[in-house]
Every structure is written in structure tokens, then in C-alpha cells.
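Take a look at the structure below.
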Amino acid sequence: MIQVDRVALRGLRARGYHGVFPHERAEGQTFVVDLVLGLDSRPAAAGDDLTKTVHYGVVAEEVVAVVEGEPVDLIETLAERIAEQCLKHEAVREVEVVVHKPDAPITVPFDDVSITITRSRV
């Protein structure tokens, strides 16, 4: 049986310039990212060894770099790029990515806009 444990990072914040409107590209806005990394934590726990798991501090920095990086039109594209970055870590078997765009250009009152995707190695 495949063991999948979860490491969660919630509320990563970064300023990005994503969106389809010119003012979104020019002014930017805050994006919030939640991650759930699926992995087998047993090898790391058995030896108390960071090299046998995922370093969530490094993942957090990489995700912020993706958000702050090359602009895209859609949060769907941004979520996909974040998932691809997370899956580059050998220990990560799957990832759930939620990208929140709380300042989306919507003309009616709202709390949040988000996309949730799940990607895996298989």
C-alpha cells in the first residue's frame, strides 16, 4: 500500500502582476497560496533526516518566486506553475494548490476568488 502523508503550508503571500487587465499587470496585487504536499514521511521520521522529506521553507520561497515571477493572464496558469515547481522535489508525490485572488477586479462585493488543482507524478 502506498503511504501518503500531508505537509500543509497555508497563507503564503506574494505580490504578483497576473491578470487580463492592464491595471492588474501595471499595479499588481497580493496573491495567497495554500499548499498540501503529499509524501511518505516515514523515511525522514525513521532517521530524523530532513534530506528524506521536503524542506517546506524552501518550497515556500520557491512558490513566492513563482508568484512574483513572469506574469500570466489566469490564476489557473499560475496554479499549474506552482504545482510543477512543487513536484520537482523528489519526496513530493502529489500536491494540492489553492491560489486565492482576494483583490480580483469584480464589481460586486465578494470575499475571495480561488482555484484549486491537484497534480501528481502519476
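The values are calculated or read from the model by the stated rules, or taken from the named source; none is laboratory data. Every value quoted in this text rests on a predicted model; they were computed, and no experiment measured them. Every residue, glycine among them, receives a Cβ derived from its backbone with ideal geometry; neighbour counts consider all protein chains shown. We work out accessible area using only protein heavy atoms, side chains counted, and drop any ligands, DNA or RNA first. Shrake-Rupley method; radii C 1.70, N 1.55, O 1.52, S 1.80 Å.
Structure values in brief
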| quantity | calculated |
| --- | --- |
| Charge dipole magnitude, Cβ of K and R +1, D and E -1 - the stretch 76-119, Cα centre, debye nearest 20 | 140 debye |
| 0 to 90° range, to nearest 10: angle between helix 56-68 axis and the chain longest Cα axis | 20 degrees |
| C-alpha long axis of helix 75-86 to longest principal axis of the chain, angle in ° | 20 degrees |
| Average accessible surface area per residue within the chain, 1.4 Å rolling probe, Å² | 59 Å² |
| Dipole magnitude of the stretch 50-109 about its Cα centre (Cβ charges: Lys, Arg +1; Asp, Glu -1), debye to nearest 20 | 220 debye |
| Helical mean residue ellipticity (222 nm; -39500 (n - 2.57) per DSSP H run of 4+; nearest 500) of the chain | -8500 deg cm²/dmol |
| Distance between the stretch 39-97 and the stretch 1-22 - C-alpha centres, whole angstrom | 9 Å |
| Dipole of the chain [Lys/Arg +1, Asp/Glu -1 at C-beta], most positive-end residue of Ala44, Pro71, Gln85 | Ala44 |
| Accessible-area composition of the chain, carbon plus sulfur, in percent [1.4 Å probe] | 52 percent |
| Probe 1.4 Å - accessible area at Ile115, Å² to nearest ten | 40 Å² |
| Along principal axes, Cα extents of the chain, largest first, whole Å | 52, 23, 23 |
| About the Cα centre, charge dipole magnitude for the chain (Lys/Arg +1, Asp/Glu -1 at Cβ), debye | 220 debye |
